[in-house]
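Trainee: Let me give you the structure first, and then I'll get to my questions.
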Amino acid sequence: MVGGGSDAFIGAIHRLAAFMDNQIELVCGCFSVDPAISRSSGQSYFLPEDRIYDTYQEMIAHEATLPEGDRMDFVTIVTPNRWHFDPAMLALAHGFHVVVDKPMTFSLEEAKLLQQKVTETGLLLALTHTYTGYPAVKEAKERIANGELGKLRRLYVEYNQGWLAKRIELEGGNNAGWRTDPKRSGKAGCVGDIGTHAWHLSEYITGLKVEELSADLNAFVPGRPIDDDGCAFLRYESGVKGVLTSSQIAAGEENSLKIRVYGEKGGFEWNQQEPNTLWAKWTDRPTEMLRVGNSYMGAAAQWNSRTPGGHPEGYIEAFANIYRNFALTLRALKNNETPKPEWLDFPRVEDGVRGLQFIETMVASGYDNDQKWHKWIE
């Protein structure tokens, strides 16, 4: 692991998720840019002293000298956006597979270089777009692909939070600092942090790609140098139209990620804060409440469900589904076996490149006072 020390938030989430299925073991790490924090963190994770590193460069170089079966198989990168690219590239260059948090890199240029490296090496890269891991999301995707809604027409997707309604990044003691600093987060703030989740969820569920958009970005909190709110009209393949909103100044909201998709025959609605329920709405019969954990759910939802009906399949379990599918795919490849189709269901480097393209296009359009339609930046 690179990052994820005792002073970090997301690292603990990744570890809990990775360990859930007993497919992954933490064997080494550089957990902070501060060697003292890295050391103390590694000790608290019960790692041997010689597998706790002061720098990720040292870790990757030394792990590469260890024999197969002793060295790490892959590295997971849970640092701020600015420090995704370099350790990912170095790991791939030394023959290690990669899991990385989103956005995949700091810039589109870095994303394309990383994609090229993945192609050259033939190694795996998984991107933790968490919300694609929920069973109800899998169910919606499968039913849409099977044509249950008929021809798709319209979708609405939103991700609203309220935690940045004030400039708390000046107070310290939170992770708002790097998220609101363009030198560490990249060109976008809110759009890069949570808008990318909303966009990716829409493409994942529908199987359609955005072709152009018209956006409006805002920094509502005085003095904040980067967007804390944004919205866009989206045009997808096949004539589907969408509306996306993402805000971190929606006072009182927690993690309100919602999506509604409508076709000729009906629509699906899912709310991340009520993750076990998928609403199916029809033109010719009553609305249905589909619940995760029941036998009527499809194969994808059942494969990614862990508990009996009525027990929420939540945030960490969704992360865990990505890690499990990645681990099973990696093990199959190491054993020269063909991965099962359901194992291959995790976001890849291509999703990462499109994520940076989404950010670039939103920024180009969002500050264009003429509100023009902007083609997807390639």
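Just so it is clear, none of the values below were taken in a lab; they were calculated from the coordinates. Computed from a predicted model, the values in this text were never measured in an experiment. Please note: Cβ atoms are built from the backbone with ideal geometry, for glycine as well, and neighbour counts cover all protein chains shown.
Trainee: Take the alpha carbon gyration tensor of the stretch 238-378, find the square roots of its eigenvalues, order them as a ≥ b ≥ c, and report rounded if a/c is under 1.5; if not, report prolate when a/b exceeds b/c, else oblate. Working shown, then result.
Mentor: Working: a/c = 1.80, a/b = 1.20, b/c = 1.51.
It is oblate, given that a/c is not under 1.5 and a/b is not larger than b/c.
Trainee: Right, here's the next one. What Rg and what Dmax come out for the stretch 2-128 when only alpha-carbon atoms are used, in angstroms?
Mentor: 13.7, 38
Trainee: Considering only DSSP states other than H, G, I, E and B, which chymotrypsin sites (Phe, Trp or Tyr not before Pro) in the stretch 295-356 qualify as loop sites with at most 13 other Cβ atoms within 10 Å?
Mentor: Working: sites: 296, 303, 315, 319, 323, 326, 343; in loops: 296.
Sparse-neighbourhood loop chymotrypsin sites (Phe, Trp or Tyr not before Pro): 296.
Trainee: Rounded to the nearest 0.05, what FRET efficiency do residue 307 and residue 109 have when you use their Cβ-Cβ distance and R0 = 45 Å?
Mentor: Taking R0 as 45 Å, the efficiency between residue 307 and residue 109 is 0.60.
Trainee: Cα-based Rg of the chain per 2.2 N^0.38 Å, rounded to two decimals?
Mentor: Dividing the Cα radius of gyration by 2.2 N^0.38 Å gives 0.98.
Trainee: Say each of residue 146 and residue 218 gets a label point 7 Å from the Cα, pointing the same way as Cα to Cβ; how far apart are those two points in nm?
Mentor: Roughly 4.2 nm, to one decimal.
Trainee: If I fit a long axis through the Cα atoms of helix 349-366 and take the longest principal axis of the Cα atoms of the chain, what angle between them do I get, 0 to 90°, rounded to 10?
Mentor: 60
Trainee: I would also like to ask the following. What number, in percent, do you get for the relative contact order of the chain if the mean sequence gap of Cα pairs under 8 Å and at least 6 apart is divided by its residue count? Don't jump to the answer; show the numbers that get you there.
Mentor: Values: 816 pairs, mean separation 73.6, N = 378.
The value is 19 percent.
Trainee: Can you list the aspartates and glutamates whose alpha carbon sits under 13 Å from that of residue 372, skipping same-chain ones fewer than 8 residues off?
Mentor: 212, 216
Trainee: On to the next question. Is there a pair in 138/265; 102/138; 117/141; 258/340; 102/183; 281/375 whose C-alpha atoms are over 25 Å apart, and which pairs would that be? Please report the intermediate quantities before stating the final value.
Mentor: Details: 138/265 20 Å; 102/138 20 Å; 117/141 30 Å; 258/340 30 Å; 102/183 16 Å; 281/375 32 Å.
The pairs that break the limit, which is 25 Å between Cα atoms, are 117/141; 258/340; 281/375.
Trainee: Note down the nm distance, to one decimal, between modelled labels 7 Å out along Cα→Cβ at residue 369 and at residue 120.
Mentor: Simple spin-label model gives 4.4 nm for this pair.
Trainee: Where does helix 108-121 land angle-wise versus the long Cα axis of the chain, in degrees 0 to 90, nearest 10?
Mentor: Orientation of helix 108-121: about 60 degrees from the principal axis.
Trainee: Is there a quick way to get the dipole size of the stretch 188-300? I mean about its Cα centre, with the Cβ of Lys and Arg at +1 and of Asp and Glu at -1; what is the value in debye to the nearest 20? Could the numbers behind the result be given before it?
Mentor: Details: 10 positive and 16 negative charges, 78 e Å.
So the magnitude is around 380 debye.
Trainee: Also, quick follow-up: Just to be sure I understand the model, the point goes 7 Å from the Cα along the line to the Cβ. What's the resulting residue 340 to residue 281 distance in nm?
Mentor: 3.6
Trainee: Calculated from DSSP H runs of 4 or more alone, at -39500 (n - 2.57) each and per residue, what is the 222 nm mean residue ellipticity of the chain, nearest 500?
Mentor: It comes out at -9500 deg cm²/dmol, rounded to the nearest 500.
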